[in-house]
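Working notes, structure below.
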Amino acid sequence: MSETTTHIPDEKVRIGAPSIPGFTEEGENLSPINENDSSPLGGASAKAHSHGGGVGVPDSSRAGRLTSTNVEDFAKLTGREEDWRFTPLKRLKGLHSDELTGAAPKVELSGNDIATLTVVSSDDALNGVAHTPDDRVSANAWKYASQTQVVTIPKNAEGAKASVRITGESLAPAAQHLIIVAEENSEATVILDHVGSAVLAQNVEFDVHANARLTVVSLQAWEDDAVHASSQQALVAQGASFKHIAVSFGGDLVRVNPSARFIGERAEIELYGLYFADAGQHLEHRLFVDHAVANCKSNVLYKGALQGKDAHTVWVGDVLIQKEAVGTDSYEANRNLVLTDGARADSVPNLEIETGLIDGAGHASTTGRFDDEHLFYLMARGIDEKTARRLVVRGFLNEIVQQIGDEALQERLTDTIEEELAATDN
Amino acid sequence: MSTLEIKDLHVSIETEQGEKEILKGVTLTINTGETHAIMGPNGSGKSTLASTIAGHPRYTVTSGSIALDGEDVLEMSVDERAKAGLFLAMQYPVEVPGVTMTNFLRTAKTAIDGEAPKLRTWTKDVKEAMSKLKIDADFAGRNVNEGFSGGEKKRVEILQLELFKPKFAVLDETDSGLDVDALKIVSEGVNRAQDENNMGTLLITHYTRILRYIKPDFVHVFVDGRVAEQGGPELADRLEEEGYDRYLNVKA
C-alpha cells in the first residue's frame, strides 16, 4: 500500500462517543499500568494523527488510526496512548524503542506437504499486501525484519495443513515478518506455534484470496521469560472465509493484535481467542474487524481464565462497520473467568456503526469469578476441589478449543489447560 | 439401617459485629426411612443446620457433634460428606458457568459411587428421572442452573437426589418459590427417593403446605437456635392453625 494514512469518513454515527470528561469509549482513564503525568486525553495518541481531532481530543474512531511502515511516523510511546495504556512498557524490553537486531526465531514448516515455505527479501513486492503497521512496535518490526518467510497455500488446495514452528533461542530484541498466502479457492489450517524464549516484535500478514478458506491458530506457548508483540493483519477477499484463533498462555508479556479487513463481499471473518494468565503474566489481545464492504459476516469470541497475583489480561475488540458495509452481520464477545484473588481482567468491546442498513451488530463482555459458592455446590455433590476447579475451567475454555479443528493441537491445549490448573494447586 | 445423630450442636457465623451464635444446642436423631420436618420462623436457625450438616465453610461449629453411623461428620470435608451419603438440596442453588448438566451429573455420580456409572444405563436413568420431574430434555446440554428459573433449579436439585441415592437428604426450603404444580412434582420425587432407597429425610420448611405431599413422622419446631417443641405429624397441623406466635410470645 502506498498510502500511509487512512481516512475518516465525513459522517459518523458512533456508539458510546465520549461525553463525560475523563471518560472515553473505553471507560474511565484510571489505568495504573503506566504512570500518567498529564491528562489522559492530551496524550500523543491524539496528536499523532495527521488528521485527528486535534490536541486534547482523542480520536477514538478506529478508522482514524495512523498506519505507516515508517517507525519515525509514530511518536515515542509514553504509555498514555489509548492503544498502550494497559501495556506495561517497562516490560516490553525495548521492542518499542530499541534497534531490533537480535536473531529472529527459527521458522520451520511441517505438515502434509501442500503448503510451501519460501524466503523473500524485506523489499519484495509481497511485503505489505495485507499489512501496514498501525503501531510503533509493528513499524519497528517492519524496519528491522531483514527477510520475510512466506507460507503459500496453492490454488484449489484441499485439506492443507501447515504447522509453522517458531522457536525463539535468544532474548536479544528481534524482529520478524511472516506472510501466509491462501490462494484462490484453497482450504488450509495453518498453526503458528511460538515456543522457546524470545523478545520479539512480529508482523504476520494473511492474504486470503477469493473463495479461500483459511484457519489460523496463533499459539503463544512461550517460555516464562518471553516478550512478544505480534501484529497480525488479514485481507479477506470475496467469498473467502478467515478463521483466526489466538491462544496465549506462555510468556511474560504477550500482546497479539489480530485484525482483519474485508475487501470483497460475501466473505466471513471469525476471530477466536483463548488465554490463560498466571501470576505476574500480562496477556493482551487487541483485535480489529474492518467491515469495509457490503454483505459480510464476522464473529468474535475470546475467552480467558486468570489465576494468581498480578495476572493481567487485556482484551480490546474494535469492530468498525463502515458506511459502505450495508448488510453486515457482526457480533463480538469477551468472557473472562477469574479463578483467584489478585488477578485483573480488562475487557473493552468497541463497536462503531456508520450505516443503519445492517443485519445485526452486537457486543458483550462478562467477567465472572469462580467463587466459594461454586466450589461448595460442586463439592456438596461429592466432587473434590481439584476436580471441581478443572471442571469449570475446562468447560469454560472448551468452546474455543473446539473451534480449532486439529485433533493433535486440541489435545495439546487440553493438556496445557490441565497443567495450568495443576499450577494453581501448588 | 443408618443413623444421623446430631448432639448439642452449637454453630456460629462471623458477622461484621463479630461472632454470632445461631444454633444454641440442637439435638436430633434421624434414622433411614424416617422423615423429620424442621419448622420454625425465619431466622430460627433451620437453614444454618442444613448448611452445617453439608459443611458450608461459612458456619463454624463451636461445640457438639454430628455423626453418621458413629463416624464424625464434622471431621469430613464437604465432598467426603456427600460420598458418605449426605445430600443437601439447596435453598439457592448456584449457577456454575462452563459445566453442562450432563457432565456435572456424571462427574458427581462417579465421585459419589467411586466408579463411573455404566454409560448406557446411566443415560437412560438420567432421561427417565428428568422426564418424571418434567424437566425438559434440553436441560442436559445446558450449564448447571444457568438461566434456570427458581422452580427449575429446585427440580434439578431433586433430580440429583434421585440419581445420587443418598442415605440422608436435607431439603432446605425446597418448597419456597414453587407453585402448586411444581410443589407436587418435587414432592413426588422426594417420596420416590424415599421409597426406593429407604432414605432418611430432614425437611426444612417455613410453611406446612409441603407436608400435605410429604408426610413427616416427626416434627421439630426451631425457635432461636433451639428445638422449642417436638412431636408427631399432629404438631404440624397445630402450627398450620396457630402459626409460630405461641413460641415467639413465650420468648418475649
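The values are calculated or read from the model by the stated rules, or taken from the named source; none is laboratory data. These figures come from a predicted structure and were not determined experimentally. Note: ideal-geometry Cβ built from the backbone for every residue, glycine included; neighbour counts use all protein chains shown.
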- [ ] Could you identify the single residue in A:Ile404, A:Ile400 that is surrounded by 21 or more Cβ atoms within 10 Å (Cβ to Cβ) and within 14 Å of another protein chain (Cβ to nearest Cβ)?
- [x] A:Ile400
Task: Of the criteria (1) within 14 Å of another protein chain (Cβ to nearest Cβ); (2) farther than 19 Å from B:Glu95 by Cα, which one A:Ala343 fails - done: (1)
Task: Residues located in the range A:252-272, provided they are under 15 Å from the mean Cα position of the chain (by Cα) and among the small types (Gly, Ala, Ser) - done: A:Ser259, A:Ala260
Open item on the list: If I filter the range B:65-100 down to residues being more than 11 Å from every other protein chain (Cβ to nearest Cβ) and surrounded by 18 or more Cβ atoms within 10 Å (Cβ to Cβ), which single residue comes out as modelled with the lowest pLDDT?
Closed with: B:Gln91
- [ ] Please state which of the following conditions A:Thr340 fails to meet, knowing it meets all the rest: (1) more than 18 Å from A:Tyr302 (Cα to Cα); (2) without any contact (Cβ under 8 Å) to a residue 40 or more places away in the chain.
- [x] (2)
Open item on the list: Restricting to the range B:129-148, name every residue that is touching an Asp or Glu at 6+ places or on another chain (Cβ under 6 Å) and either modelled with pLDDT under 90 or more than 14 Å from chain A (Cβ to nearest Cβ) (or both).
Closed with: B:Ala129, B:Glu146
Task: Search result, residues across the range A:305-340 that are touching a Lys or Arg at 6+ places or on another chain (Cβ under 6 Å) and within 14 Å of chain B (Cβ to nearest Cβ) - done: A:Arg335, A:Val338
Task: Single residue of A:Gly304, A:Gly356, A:Gly382, A:Gly308 found to be in contact (Cβ under 8 Å) with a residue 40 or more places away in the chain and crowded, with 24+ Cβ neighbours inside 10 Å - done: A:Gly304
Open item on the list: Consider the range A:361-373. How many of its residues are in contact with a Lys or Arg (Cβ under 9 Å, 6 or more places away or on another chain), part of a strand (DSSP E or B) and either more than 30 Å from B:Gly55 (Cα to Cα) or not polar (S, T, N, Q) (or both)?
Closed with: 4
TODO: Go through the range B:193-212 and give me each residue that's surrounded by fewer than 17 Cβ atoms within 10 Å (Cβ to Cβ), more than 24 Å from B:Gly43 (Cα to Cα) and under 16 Å from the mean Cα position of the chain (by Cα).
DONE: B:Asn198
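Yes or no, residue by residue, for (1) out of contact with any strand residue (DSSP E or B) (no Cβ under 7 Å at 6 or more places or on another chain); (2) touching a residue at least 12 places away in the same chain (Cβ under 8 Å); (3) of a type in the set (A, V, I, L, M, F, W, C):
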| residue | (1), (2), (3) |
| --- | --- |
| A:Gly239 | yes, yes, no |
| A:Lys243 | no, yes, no |
| A:Asp252 | no, yes, no |
| A:Phe262 | no, yes, yes |
| A:Leu271 | no, yes, yes |
| A:Ala277 | no, yes, yes |
| A:Gly280 | yes, yes, no |
| A:Leu283 | no, yes, yes |
| A:Phe288 | no, yes, yes |
Task: Any hit, the range B:178-187, residues being basic (Lys, Arg) and touching a strand residue (DSSP E or B) at 6+ places or on another chain (Cβ under 8 Å) - done: no
Task: Filtered residues of the range A:395-426 (kept if within 19 Å of A:Ala333 (Cα to Cα) and part of a helix (DSSP H, G or I)) - done: A:Gly395, A:Phe396, A:Leu397, A:Asn398, A:Glu399, A:Ile400, A:Val401
- [ ] For residues that are part of a strand (DSSP E or B) and of a type in the set (Ser, Thr, Tyr), scanning just the range B:36-64, find the one that is farthest from the other protein chains (Cβ to nearest Cβ).
- [x] B:Ser63
- [ ] With respect to A:Arg91, determine if the residue is among the basic types (Lys, Arg), more than 22 Å from A:Asp193 (Cβ to Cβ) and touching a strand residue (DSSP E or B) at 6+ places or on another chain (Cβ under 8 Å).
- [x] yes
Task: From A:Gly94, A:Gly111, A:Gly128, residue being at positive phi and modelled with pLDDT under 95 - done: A:Gly111
Task: Residue satisfying all of: in the range A:356-387; more than 26 Å from the chain's Cα centre (by Cα) and more than 8 Å from chain B (Cβ to nearest Cβ); modelled with the highest pLDDT among these - done: A:Leu357
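Residue-wise test of (1) closer than 30 Å to B:Ala140 by Cα; (2) modelled with pLDDT of 95 or more; (3) not acidic (Asp, Glu).
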{"position": "B:Pro166", "(1), (2), (3)": "yes, yes, yes"}
{"position": "B:Gly177", "(1), (2), (3)": "yes, no, yes"}
{"position": "B:Glu229", "(1), (2), (3)": "no, no, no"}
{"position": "B:Tyr244", "(1), (2), (3)": "no, no, yes"}
{"position": "B:Lys251", "(1), (2), (3)": "no, no, yes"}
